[in-house]
Amino acid sequence: MISQIFILSSKGDHLIYKDCILYNWLTDVLVRCYSHKDLHFIHVRQGGLYWVASTKTNPSPFTIIEFLNRLAALTKDYCGSLSEKSVRMNFALIYELLDEMVDFGYIQTTSTDILKNFIQTEAVSSKPFSLFDLSNVGLFGAETQQSKVAPSVAASRPIMSSRGEQGGKNEIFVDVIERLSVVIGSKGVLMKSDIQGEIRIKCFLPTTSGELMRIGLNEELSIGKSQLKGYSSAVRVDECRFHQAVKLDEFDTFRILKVCPSQGEQTVMQYQLCDELPCAPPFQLFPSYIVTSQLLFCTFSCSTALNVSITVPVPKGSVSMSQELSSPDQTAELQPKNKALLWEIPRFPGGAQLSALFKVDVPGLSSASLLEVGPVSMSFELPKQTCTGLQIRFLRLAPTQTGLSQRWVRYVTHSDSYTIRI
């Protein structure tokens, strides 16, 4: 049984607070709010916010975690985006959601299709900051063209807008998202790699009852090493998990997922590939530093990337830095408090090489101080690309309706942990 629910900002400020159990005595309420001895706190972090629940009983923590994740997903569905600004602008809507989802501390429902029949408050939309660039989304079944690109906020609108409207166009968005964790040795040898991926759909259809979505994946997709057949360039993952609503009767033979989509966002498949990187690492680093002048020279070659950020640890006591960058859109700054040098590149063309020369002044530099240089960490996004090679062959709805909604497919890989030793 849940006692209280909080939504906190990244700084710990209260955005939403709901006491799920009513008491007749104010003293009891105060004890429940501020006593820590008998309360258990469980939280998740989504969208830069903390989603917290407290309980006096001893429920399964996984149940509470799943509820908090669903609450975050529903907030994103109904508000359009997940951020501190959207929560503040739609606090009345979120309180209405909580009233329908939880009754006297007991979870009632987390279904989008059920809740939409009871929610009356309309969402206040705000343009969100997105890590993924939707301007690179192409219309399914056609080449990516400027005239066939979804607007940047197309998939970040509420599932319900003004009464009588259906949230805009009838559209379905399918995202194949991969998170890359890599460790590269000082000689450029790949030491460790891990890919976590998921297929996520967001549906804006006015009604989804009776409709079946069929998602076709690579025919040569293999799960586990034992299923790798022949010597073809098969796409392989170590393991995968599916949403409970996914029907798998055609998956083993034809690699087709069947699901009845519900309004809002849901993850239909999660997969993982460990200790193997089917493609070359997207970035290569060639560093060097000269003791006499404390120089760092870095050259990168990679696929097309966005929002590239390189963090290079520097010796303690670094006071200033001079720089020579190979292009004007690059920026760099010394962060003495973090003992790091931050180099940022907003857009990195595929196959290009960029270089930077940094001179860091370190009073009293010693050989021990040089040990503080490295390893380098990076963060980036790779649009229109998956490292595993997983692709969507087709996306079909049955039964087919006149004026069928548009279907959009997007691929994106971003760094979860990308470390290069120097």
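Coordinate-derived values only; no laboratory data. If you're wondering where the values come from, they're calculated on a predicted model, not measured in any experiment. No Cβ is skipped: glycine too gets one built from the backbone with ideal geometry, and neighbour counts run over all protein chains shown.
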| remark: About its Cα centre, region 332-402 carries a charge dipole, from +1 on Lys and Arg Cβ atoms and -1 on Asp and Glu Cβ atoms, whose size in debye to the nearest 20 is 420 debye
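Output the pairs from LYS192/LYS247; LYS192/LYS225; LYS76/LYS116; LYS337/LYS359; LYS202/LYS258 with a Cα-Cα distance over 23 Å in this structure; if there are none, say none.
LYS192/LYS247
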